[in-house]
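The values are calculated or read from the model by the stated rules, or taken from the named source; none is laboratory data. Everything numeric in this text was worked out from a predicted model, so none of it was measured. Note: ideal-geometry Cβ built from the backbone for every residue, glycine included; neighbour counts use all protein chains shown.
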Amino acid sequence: MQKSPIIPVKQFKNHENVYQGRLNDVDVIFTKNIDIGQSVYGERLVKDEKGQEFREWNPHRSKMCAYLKKGGKEFQFTKDMVILYLGASSGTTVSHLSDIIIGGRIYCIEFSARSIRELVQRLGNRNNIIPILADATQPGQYRSLIPELVDLVYQDVAQPEQAKLLIDNMRMFLKPGGWFYIAIKARSIDVSQDPGIIFKRQEKVLERAGCQIAETKDITPFSDDHVMIVGVHENN
């Protein structure tokens, strides 16, 4: 087993449980690993001078990391919060959020049985993750599996009605005044229109549903034709 390199690591901006350092002369974002010795998706592990282990957060594999690398200003994740994650896939971004919200919980909704199996295999040692095999367009089907309101909803489901999917879930599960993050993929909504027009249209859908948008950030080149929209949902 290859020994993890030791490098200087410091907090990334003022973001709780997110760190930065230089690895092979490149600025890298890290999260502190709560499953020591385990790499989830092939990301590199490093240690600081105190022996604490950190996981490289790859912006090409995680849209949340891409948002941070592109200078995204809104970081609403705290160590004890409860998150509903729509479109968890096999757990890449989920794993880093698990490192960040150490004492909280992440309800992970994923429609693909194969992806949810991979998530369980990769993240089974993390006790703050609750995987749920379900269709995120049908929140009523998993309402009984989420017995509490959540602090934040994160949505990464590439489909034509992305904003509506988010709104339906926020109305059912999000606390009043809770935050949301949604990674909008233009080409999944309409391949024939300019992405900028599509993004503006999705913003309008969110605003009509009572959302206050705090930031819209283009995350190219890490994810082409994507933006991350961050905001607060006031109208439950």
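Answer with yes or no whether S144 is assigned to a helix (DSSP H, G or I), in contact (Cβ under 8 Å) with a residue 12 or more places away in the chain and not aromatic (F, W, Y).
On the way: assigned to a helix (DSSP H, G or I): yes; in contact (Cβ under 8 Å) with a residue 12 or more places away in the chain: no; not aromatic (F, W, Y): yes.
Here the answer is no, as S144 does not meet what is asked.
Could you please let me know if Q162 is surrounded by 21 or more Cβ atoms within 10 Å (Cβ to Cβ), farther than 25 Å from N14 by Cβ, free of Cβ contacts under 8 Å to residues at least 60 places away in the same chain and polar (S, T, N, Q)?
Working: surrounded by 21 or more Cβ atoms within 10 Å (Cβ to Cβ): yes; farther than 25 Å from N14 by Cβ: yes; free of Cβ contacts under 8 Å to residues at least 60 places away in the same chain: yes; polar (S, T, N, Q): yes.
Yes, satisfied.
So, R122, is that one farther than 23 Å from I29 by Cα, in contact (Cβ under 8 Å) with a residue 12 or more places away in the chain and of a type in the set (K, R) or not?
Numbers: farther than 23 Å from I29 by Cα: no; in contact (Cβ under 8 Å) with a residue 12 or more places away in the chain: yes; of a type in the set (K, R): yes.
No, not satisfied.
Pull out all pairs, ordered by first then second residue, where Cβ-Cβ is under 8 Å, the residues are six or more apart or on different chains, the first lies in segment 35-46 and is in contact (Cβ under 8 Å) with a residue 60 or more places away in the chain, and the second is surrounded by fewer than 15 Cβ atoms within 10 Å (Cβ to Cβ).
D35/N125; Q38/N125
Would you confirm whether any residue within segment 215-226 is among the polar types (S, T, N, Q), loosely packed, with under 13 Cβ neighbours inside 10 Å and under 21 Å from G91 (Cβ atoms)?
Scanning segment 215-226, I find no residue that is among the polar types (S, T, N, Q), loosely packed, with under 13 Cβ neighbours inside 10 Å and under 21 Å from G91 (Cβ atoms), so the answer is no.
Matching residues to (1) modelled with pLDDT of 95 or more; (2) of a type outside the set (S, T, Y); (3) in the same structural domain as L119 (by TED's automatic domain parsing):
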{"position": "N24", "(1), (2), (3)": "no, yes, no"}
{"position": "F30", "(1), (2), (3)": "yes, yes, no"}
{"position": "N33", "(1), (2), (3)": "yes, yes, no"}
{"position": "Q38", "(1), (2), (3)": "yes, yes, no"}
{"position": "E43", "(1), (2), (3)": "yes, yes, no"}
{"position": "K47", "(1), (2), (3)": "yes, yes, no"}
{"position": "E53", "(1), (2), (3)": "yes, yes, no"}
{"position": "K69", "(1), (2), (3)": "yes, yes, yes"}
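If the requirement is being among the hydrophobic types (A, V, I, L, M, F, W, C) and farther than 24 Å from A183 by Cβ, which of these qualifies: L23, L84, L68? Lay out the reasoning, then the answer.
Details: L84 fails: farther than 24 Å from A183 by Cβ; L68 fails: farther than 24 Å from A183 by Cβ.
Within the list L23, L84, L68, the selection yields L23.
This table checks each residue for (1) surrounded by fewer than 17 Cβ atoms within 10 Å (Cβ to Cβ); (2) of a type outside the set (F, W, Y).
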| residue | (1), (2) |
| --- | --- |
| G42 | yes, yes |
| D48 | no, yes |
| G51 | yes, yes |
| E56 | no, yes |
| H60 | yes, yes |
| G71 | yes, yes |
| F77 | no, no |
| M81 | no, yes |
| L84 | no, yes |
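For segment 2-13, what are the residues that are under 14 Å from F77 (Cβ atoms) and without any contact (Cβ under 8 Å) to a residue 60 or more places away in the chain? If you could, list the steps in order and put the result at the bottom.
Of segment 2-13, the ones under 14 Å from F77 (Cβ atoms) are 11-13.
Within segment 2-13, Q11, F12 qualify.
Filter segment 1-33 for residues that are among the aliphatic types (A, V, I, L, M) and over 17 Å from the mean Cα position of the chain (by Cα); which is surrounded by the most Cβ atoms within 10 Å (Cβ to Cβ)?
Among those that are among the aliphatic types (A, V, I, L, M) and over 17 Å from the mean Cα position of the chain (by Cα), it is V28.
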